[in-house]
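Nothing in this text is a laboratory measurement; each read-out follows from the coordinates by a stated rule. Please read all numbers here as calculations on a predicted model, not as lab measurements. For neighbour counting, all protein chains shown are included, and Cβ atoms are generated from backbone atoms with ideal geometry for every residue, glycine included.
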Amino acid sequence: MSATDREVSMWKNTEVSRRLRLSVPIIQGPFGGGLSSVDLVVAVSEAGGLGSFGVHHLQAAQIRETAAAIRRRTQRPFALNLWLPYQDSENPQISDQEFAKHLTLLAPYFKELNLDLPAKPAQFWPRYDEQIEALLDARPAVFSFVYGVPSPEVLQRCKEREIITVGAATTPDEAIALEQAGVDMVVASGFEAGGHRVSFLRSAEDSLTGTFALLPQIADAVRIPVIAAGGIADARGIAAALMLGADAVQIGTAFLACVESAASELHRNLLFSPAAKYTALTKVFSGRLARGLHNRMMQELKAYESTLPRYPIQYWVASTIKAAAQAQGRSDLLALWSGQSAPLLKHRRAQELTRALEQETTALLQRMA
Ligand SMILES: Cc1cc2nc3c(=O)[nH]c(=O)nc-3n(C[C@H](O)[C@H](O)[C@H](O)COP(=O)(O)O)c2cc1C
């Protein structure tokens with residue numbers, strides 16, 4: 001190996017890789033809503049990156065079981081990811097009449113799928129205070145989170161357990177708020193990213209900066225390591241993120257498209273199809289702004305977005321049609337989360353993807369050197 005080659009391969013030795021014990025600073029983005037999988041986490045962590053499991057839809061006992069299942073398969077570091085309570089998400093209010101009125105709007109979709117309308121549940125989503133206890137007990141190497149800043153008590157308990165905390169920012173002010181609270185690292189989440197816009201200081205609609213503009217601003221605004229997310233799917237994206245001040249990248253859509261993820265075959269195949277050229281931000285599937293492939297339900301309910309119930313009510317209702325829509329191959333009625341870089345995807349296996357990203361980034365940086 002020449003001196004230049006040695007220097008080039010230094011790109012992998014960042015503060016994030018050192019602190020998280022990674023051989024390559026690539027983080028598999030966590031997926032909420034049941035799309036993360038133990039297989040995906042194990043594949044990425046074993047390839048030297050950081051596998052992440054989104055546990056925000058799980059009850060405390062399931063979080064403990066998930067961490068144990070990952071540990072049975074790998075000794076490598078991994079992340080568990082939660083959504084923090086935001087606005088009234090822990091105690092969403094909707095009267096029986098409002099709930100019934102809302103279902104009238106969605107009734108035609110239930111009818112198309114031969115489904116009965118669901119009854120209002122006693123609880124729409126698992127409770128954060130129970131989830132966080134389970135996560136702290138599980139002691140993952142990393143606790144990553146979205147929609148705000150955890151309490152000082154939770155951050156202190158992470159420190160005592162040597163759990164590294166990683167928060168997400170969609171604006172420089174959010175990154176500063178995370179740093180000032182004592183969070184260890186920040187994900188700069190550009191608006192190209194698949195899934196939810198996780199803004200917490202201003203509305204998501206007011207925080208739509210792309211990765212290319214957001215990342216250097218956040219790198220200038222904070223001293224903690226910055227992880228770039230949104231629109232990165234190949235070596236060019238990784239090299240650009242490093243140039244713009246990132247210490248690591250967090251890649252979602254490209255890993256979601258791999259066979260190891262828990263996304264349906266229908267969803268994964270669409271990510272490799274011409275449909276992947278068209279994504280949009282929508283509140284239709286969850287009551288919160290998120291990016292997915294454009295489809296009929298998104299289009300038809302667009303006019304009602306401002307009147308839909310808030311998260312987690314709308315998320316719960318939309319999830320009640322998910323299994324039937326999937327079983328019936330109805331991509332027009334499913335949330336098909338995707339980022340804007342899906343047309344760049346090539347790989348369908350997570351280890352192959354991680355290794356290709358590592359080798360191709362090294363080769364690209366060598367050419368540039
Ligand atoms: C289906 C899906 C679900 C996601 N769920 C979460 C989540 O629960 N928590 C989180 O921190 N990020 C979540 N994300 C964001 C990813 O972890 C990652 O930051 C993002 O996908 C990166 O942008 P990219 O899709 O352009 O690669 C999700 C992304 C997708 C595509």
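Data for the structure
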{"read-out": "Residue list for region 245-265, restricted to those being among the aliphatic types (A, V, I, L, M) and more than 8 Å from the ligand (Cβ to nearest atom)", "value": "Ala246, Ala248, Val249, Ala257, Val259, Ala262"}
{"read-out": "Residue within region 178-190 that is on the phi < 0 side of the Ramachandran plot, more than 11 Å from the ligand (Cβ to nearest atom) and small (Gly, Ala, Ser) present", "value": "yes"}
{"read-out": "Complete set of residues in region 115-169 that are assigned to a strand (DSSP E or B) and not β-branched (Val, Ile, Thr)", "value": "Phe143, Ser144, Phe145, Gly167, Ala168, Ala169"}
{"read-out": "Odd one out for Val259, checked against (1) surrounded by fewer than 18 Cβ atoms within 10 Å (Cβ to Cβ); (2) under 16 Å from Ile26 (Cα atoms); (3) touching a Lys or Arg at 6+ places or on another chain (Cβ under 7 Å)", "value": "(2)"}
{"read-out": "Given (1) under 19 Å from the mean Cα position of the chain (by Cα); (2) closer than 22 Å to Ala350 by Cβ; (3) among the small types (Gly, Ala, Ser); (4) in a loop (DSSP other than H, G, I, E, B), number of the condition Ser52 does not satisfy", "value": "(4)"}
{"read-out": "Qualifying positions in region 87-114 - assigned to a helix (DSSP H, G or I) and either under 20 Å from the mean Cα position of the chain (by Cα) or among the aliphatic types (A, V, I, L, M) (or both)", "value": "Ala100, Leu103, Leu105, Leu106, Ala107"}
{"read-out": "Extreme residue, nearest to the ligand (Cβ to nearest atom), among residues of region 55-84 that are surrounded by fewer than 17 Cβ atoms within 10 Å (Cβ to Cβ) and in a loop (DSSP other than H, G, I, E, B)", "value": "Gln59"}
{"read-out": "Qualifying positions in region 1-42 - within 17 Å of the chain's Cα centre (by Cα) and acidic (Asp, Glu)", "value": "Asp39"}
{"read-out": "Close pairs from region 10-28: first closer than 11 Å to Thr354 by Cβ and more than 14 Å from the ligand (Cβ to nearest atom), partner in a strand (DSSP E or B) and among the aromatic types (Phe, Trp, Tyr), Cβ under 7 Å, at least 6 apart", "value": "none"}
{"read-out": "In region 227-244, residue surrounded by the fewest Cβ atoms within 10 Å (Cβ to Cβ) [restricted to those that are within 12 Å of the ligand (Cβ to nearest atom) and part of a helix (DSSP H, G or I)]", "value": "Gly237"}
